[in-house]
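Nothing in this text is a laboratory measurement; each read-out follows from the coordinates by a stated rule. For clarity, every value in this text was computed on a predicted model and none was experimentally measured. Here the Cβ positions follow ideal geometry from the backbone for every residue, glycine too, while neighbour counts run over all protein chains shown.
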Amino acid sequence: MRETRPIRLLFVCLGNICRSPMAECVFEYLVKGRNDLFHSYEVDSAGIAGYHIGDLPDVRMREAAWQRGYKMTSRARQVGFEDFETFDLIIGMDDANIDALKEMAPNVEALGKIVKMTDYCIHMEADHVPDPYYGGTAGFYYVIDLLEDACQGLLDSLEKRD
């Protein structure tokens, strides 16, 4: 049986303006699509670096998201030590994110909360969610494809825990 408090998920990428806010948006969309899960999850995103604190997601990411029916409204923030206490799972987009999170982890319990997004892919094969920031438009759509697949896998995995 599920705990009474929501499961708290933190999606993490480098700057928190492309991949992690998109993962946050996709996961929230999946949960909101199922009334029985609406209050079961709390979702946020953050970046390893503080380059874009307070900024909206990258305009190209927001445009690609809008084209797919998502509205991204989160503001960039940096991962903090308190996040290791607050969140049940901290989901990195690539190995560099995972390594940085592991270096920040205050204890063994916190280390156990760190997972990689692509480990939850169902249909697509990828070992990381690539950063589309320096690429073209197609990269943003590919990131959304990967995140839709991985977020569905993550949700399925969490729901099977019960």
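Basic side chains Lys and Arg get +1 at the Cβ, acidic Asp and Glu get -1 at the Cβ, and with that the dipole of region 21-135 about its Cα centre reaches some 520 debye. Largest GNM mean-square fluctuation among 53, 98, 114, using the chain with Cα springs under 10 Å: 53. Between residue 81 and residue 160, the FRET efficiency from the beta-carbon distance, with R0 = 41 Å, is close to 0.85. Exposure proxy shown here: for 38, 87, the number of other Cβ atoms within 10 Å sets the order, fewest to most, as 38, 87. Here the calculated FRET efficiency for residue 107 and residue 55, from their Cβ-Cβ distance with R0 = 41 Å, stands at 0.85, rounded to the nearest 0.05. Taking other C-beta atoms within 10 angstrom as a stand-in for reagent exposure, 40, 74, 20 fall in the order 40, 74, 20, fewest first. Electrostatic bookkeeping for residue 66 treats Lys and Arg as +1 and Asp and Glu as -1; over the other residues with beta carbon under 13 Å from its beta carbon, the sum is +2.
By the helix-only formula, in which each DSSP H run with n ≥ 4 contributes -39500 (n - 2.57) and the sum is divided by residues, the chain has a 222 nm mean residue ellipticity of -12000 deg cm²/dmol.
Once you reduce region 100-122 and region 23-39 to the center of their Cα atoms, the two points are 22 Å from each other.
Note on residue 73 and residue 133: the extension gain reaches 19.8 nm, defined as 0.36 nm multiplied by sequence separation minus the Cα-Cα distance.
Of the residues 15, 69, 151, the one whose Cα sits farthest towards the positive end of the charge dipole of region 7-160 is 69 (charges of +1 on Lys and Arg Cβ, -1 on Asp and Glu Cβ, taken about the Cα centre).
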